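The values are calculated or read from the model by the stated rules, or taken from the named source; none is laboratory data. A quick note: this is a predicted structure, and the numbers were derived from the prediction, not measured. Neighbour counts are summed over all protein chains in view; Cβ atoms, including those assigned to glycine, are modelled from backbone coordinates with ideal geometry. Accessible surface is based on the protein model in full, side chains and every heavy atom, while ligands, DNA and RNA are left aside. Shrake-Rupley method; radii C 1.70, N 1.55, O 1.52, S 1.80 Å.
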Amino acid sequence: MPNRLAHEKSPYLLQHAENPVDWYPWGPEAFEKARAEDKPIFLSIGYSTCHWCHVMERESFEDERIAGILNRHFVPVKVDREERPDIDRIYMNFVQASTGSGGWPMSVWLTPDLKPFFGGTYFPPENRYGRAGFPTVLERIAEAWRQDRERIVDSSVDVIEQLTRHLDPGSGGAALLGRDAPESGFQALRRSYDAEYGGFGGAPKFPRPAALNFLLRYWSRTGNGEALDMTLATLRRMADGGMNDQLGGGFHRYAVDERWFLPHFEKMLYDQAQLAVSYVEAFQITGDAAFADTARTTLDYLLSEMRHPEGAFYSAEDADSPDPARPEKKAEGAFYLWSRDEITAVAGNPAADWFAFRFGVEPEGNVTEDPHGEFGGKNILYRAHTVEETAEHFGRPVEEVRAGIIETAGQLLAVRHRRPRPHLDDKILTGWNGLAISALARAGAALDEKRYTDAALDAARFILERLHDPARGLLRRYRDGEAAVPAFLDDYAFLAQACLDLYEAVFDLRWLDHALRLTAVMRERFEDTARGGFFSTAADDPSLIMRIKEDYDGAEPSGNSIAILNLLRLAAMTGRGELRDSAERALAAFAGRITSAPIAVPQMLAAYEFALAPPREVVIVGERSTPA
């Protein structure tokens with residue numbers, strides 16, 4: 001029998017609707033049951049395209065025995081972290097602080113009043129490698145709750161007090177934030193830069209467009225060529241690697257290795273949007289058409305595979321998909337992998353030989369690190385050689401080889417389209433769509449591609465029409481005809497930024513007006529007028545045990561970073577001093593964070609670069625003509 005999650009809209013929650021676990025969605029019904037029965041809550045947080053979430057579901061949540069333990073001793077609650085990032089942030093901070101790491105699926109045990117007392121991420125279904133299995137952990141926590149409840153409750157109160165102090169950015173102070181802050185940020189990124197393969201740090205290697213945004217603005221103001229070189233090299237290596245889908249366009253979530261070759265295959269909307277902007281900016285700076293081409297293939301992937309019929313964009317595609325050879329079994333990357341024989345059968349020689357040389361295809365497969373045995377005999381396509389090198393290797397004219405490779409790519413793409421696609425998370429999120437609208441608007445203007453501008457306009461109209469309620473304000477999630485969940489700081493900030501970028505692309509004042517209105521509501525609902533900065537959530541949700549001022553610019557930029565940049569841009573456009581004052585109060589509030597850990601807040605440093613840059617004004621006067 002389906003559990004309560006069958007009535008939800010979230011694809012992640014619906015994936016668990018047939019579990020024998022007696023799941024509850026986050027809400028009063030679960031909380032009241034926990035209080036009435038004096039049981040702790042088991043909170044499981046994940047998302048629908050999360051590989052290890054799928055693993056833990058198969059191993060534990062579909063297991064009748066483990067489900068029985070959960071149902072007897074706990075109130076199980078399931079949360080989609082993409083739908084409710086507010087809940088995820090609070091408890092992820094607890095897990096990271098208490099265990100030293102974090103990730104999804106996230107498993108947290110709460111008192112009936114929602115305070116955490118134990119947490120972790122993935123738990124195996126049995127004891128192994130010196131680690132307690134999930135059933136053992138459940139039994140031990142249940143026993144501790146029965147025998148030592150008072151100490152657990154007391155410790156959970158202490159935990160919240162410590163977390164609140166830890167997450168408070170402090171009162172800040174403009175005096176602490178000097179003009180040398182961007183230099184510190186540059187030096188921190190420089191120290192972690194991988195000069196051989198591009199990117200920052202070692203494996204696994206994540207794209208981090210916020211860092212590239214800062215480096216380009218730092219370069220523009222200071223003329224430091226090293227910042228530009230690091231950015232361009234990183235973008236080139238990512239585009240050449242297996243993390244970039246060489247056939248269908250779009251970037252996978254991250255690379256398992258340091259050279260961008262072996263990806264974790266899920267594709268996220270926010271990655272496509274932010275990386276497209278980075279490649280557009282690289283093209284604007286260098287004039288190198290290769291950067292423009294990568295921006296186009298990334299955005300074309302969004303338009304072809306991630307777009308709702310009415311214009312907005314879906315959230316993600318899964319890493320796992322049915323294995324073409326064994327459709328009953330799902331495997332990571334199965335949709336994207338090729339054997340050498342498959343390529344030869346599709347294209348024939350010599351075109352298959354040219355394609356294989358160009359994209360690093362080996363007869364026995366090109367994946368040497370395969371701990372789970374998923375890639376045997378298969379190849380991940382990456383740009384092993386240029387077309388020119390390929391032509392020289394085979395002693396054939398460059399244009400002949402180029403044409404053969406392009407034709408082969410088209411043939412393989414047609415074959416791939418007949419394979420079972422990865423699961424599509426088809427919920428529409430306001431904030432992520434804001435990032436996509438910005439990317440399309442900026443690409444449309446920079447690349448002179450009207451179809452991108454039109455797509456941005458369609459998506460923006462969808463969000464403003466379907467995810468805005470006169471009584472409730474902006475909403476976060478739309479799916480299957482329903483808009484729900486009051487929007488968070490990120491949603492307001494990212495959508496306001498999108499409206500600003502649309503205004504700069506089409507010069508229709510209505511978009512500037514939308515940006516101003518959204519920013520006004522954002523300040524009303526989220527601004528800390530006493531100490532500066534913005535809370536991630538409004539003050540009207542009693543189920544949240546704390547309000548956080550998120551500042552970390554990770555896979556997505558923080559809402560505070562984008563809010564500050566929006567306020568500075570709007571102040572420059574309108575001359576409204578109160579908007580700049582709000583931005584400066586926020587920068588002062590995060591001054592300690594910017595100076596002590598600049599590598600954590602590169603998008604905020606990019607906003608500070610905007611504040612430091614001398615204003616430039618270009619005035620064009622005259623009648624606006626309409627092209628024939």
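Some points to look at:
- Checking each residue in the stretch 452-479 for being of a type outside the set (D, E, K, R), in a strand (DSSP E or B) and free of Cβ contacts under 8 Å to residues at least 40 places away in the same chain picks out only H468.
- Qualifying residues in the stretch 295-321 (those that are more than 17 Å from N433 (Cβ to Cβ) and open to solvent by less than 10 Å² (accessible area, probe 1.4 Å)) - the one farthest from the chain's Cα centre (by Cα): S321
- Exclusive hit being within 21 Å of the chain's Cα centre (by Cα) and either more than 28 Å from E281 (Cβ to Cβ) or open to solvent by less than 10 Å² (accessible area, probe 1.4 Å) (or both), set H417, H423: H423
- Evaluating V108 against the criteria (1) buried (at least 19 other Cβ atoms within 10 Å of the Cβ); (2) among the β-branched types (V, I, T); (3) part of a helix (DSSP H, G or I) leaves one unmet condition, (3).
- Criterion (on the phi > 0 side of the Ramachandran plot and open to solvent by 20 Å² or more (accessible area, probe 1.4 Å)) met by exactly one of D38, D22: D38
- Residue list for the stretch 32-80, restricted to those being within 30 Å of E266 (Cα to Cα) and among the aromatic types (F, W, Y): F42, Y47, W52, F61
- Subset of the stretch 254-276 (residues that are open to solvent by 10 Å² or more (accessible area, probe 1.4 Å), closer than 23 Å to A455 by Cβ and in contact with a Phe, Trp or Tyr (Cβ under 8 Å, 6 or more places away or on another chain)): Y270
- P324 falls short on exactly one of the conditions (1) under 23 Å from L381 (Cβ atoms); (2) buried (at least 18 other Cβ atoms within 10 Å of the Cβ); (3) of a type outside the set (S, T, N, Q); (4) touching a residue at least 40 places away in the same chain (Cβ under 8 Å), and that condition is (2).
- Residue that is farthest from D38 (Cα to Cα) [pool: residues in the stretch 133-154 that are surrounded by 16 or more Cβ atoms within 10 Å (Cβ to Cβ) and not β-branched (V, I, T)]: G133
Every residue, every condition in (1) farther than 18 Å from L457 by Cα; (2) among the aliphatic types (A, V, I, L, M); (3) touching a helix residue (DSSP H, G or I) at 6+ places or on another chain (Cβ under 6 Å), yes or no:
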{"residue": "R476", "(1), (2), (3)": "yes, no, yes"}
{"residue": "A484", "(1), (2), (3)": "yes, yes, no"}
{"residue": "A487", "(1), (2), (3)": "yes, yes, yes"}
{"residue": "T529", "(1), (2), (3)": "yes, no, no"}
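- Inter-residue pairs, beta-carbon under 6 Å, first among the β-branched types (V, I, T) and in the stretch 596-614, second surrounded by fewer than 22 Cβ atoms within 10 Å (Cβ to Cβ) and at pLDDT 95 or above, 6+ apart: I599/A188
- Among the residues making up the stretch 51-78, those that are without any contact (Cβ under 8 Å) to a residue 60 or more places away in the chain and in contact with a Phe, Trp or Tyr (Cβ under 8 Å, 6 or more places away or on another chain) are C53, A67, V75, P76, V77.
- Counted residues, the stretch 489-504 - those being open to solvent by less than 10 Å² (accessible area, probe 1.4 Å) and either among the hydrophobic types (A, V, I, L, M, F, W, C) or more than 17 Å from the chain's Cα centre (by Cα) (or both): 9
- Of all the criteria given as (1) of a type in the set (A, V, I, L, M); (2) under 20 Å from Y218 (Cβ atoms); (3) under 20 Å from the mean Cα position of the chain (by Cα), the one not satisfied by I594 is (3).
- Residue match in the stretch 64-73 (condition: of a type outside the set (A, V, I, L, M) and either crowded, with 20+ Cβ neighbours inside 10 Å or outside any helix (DSSP H, G or I) (or both)): no
- Residues of the stretch 64-94 that turn out to be under 21 Å from P557 (Cα atoms) and of a type in the set (A, V, I, L, M), as a count: 3
- The number of residues in the stretch 277-294 being open to solvent by 30 Å² or more (accessible area, probe 1.4 Å) and under 21 Å from I380 (Cβ atoms) comes to 2.
- With respect to the conditions (1) of a type outside the set (A, V, I, L, M, F, W, C); (2) farther than 16 Å from V108 by Cβ; (3) open to solvent by less than 10 Å² (accessible area, probe 1.4 Å); (4) in contact with a Leu (Cβ under 9 Å, 6 or more places away or on another chain), S10 falls short on a single one, namely (4).
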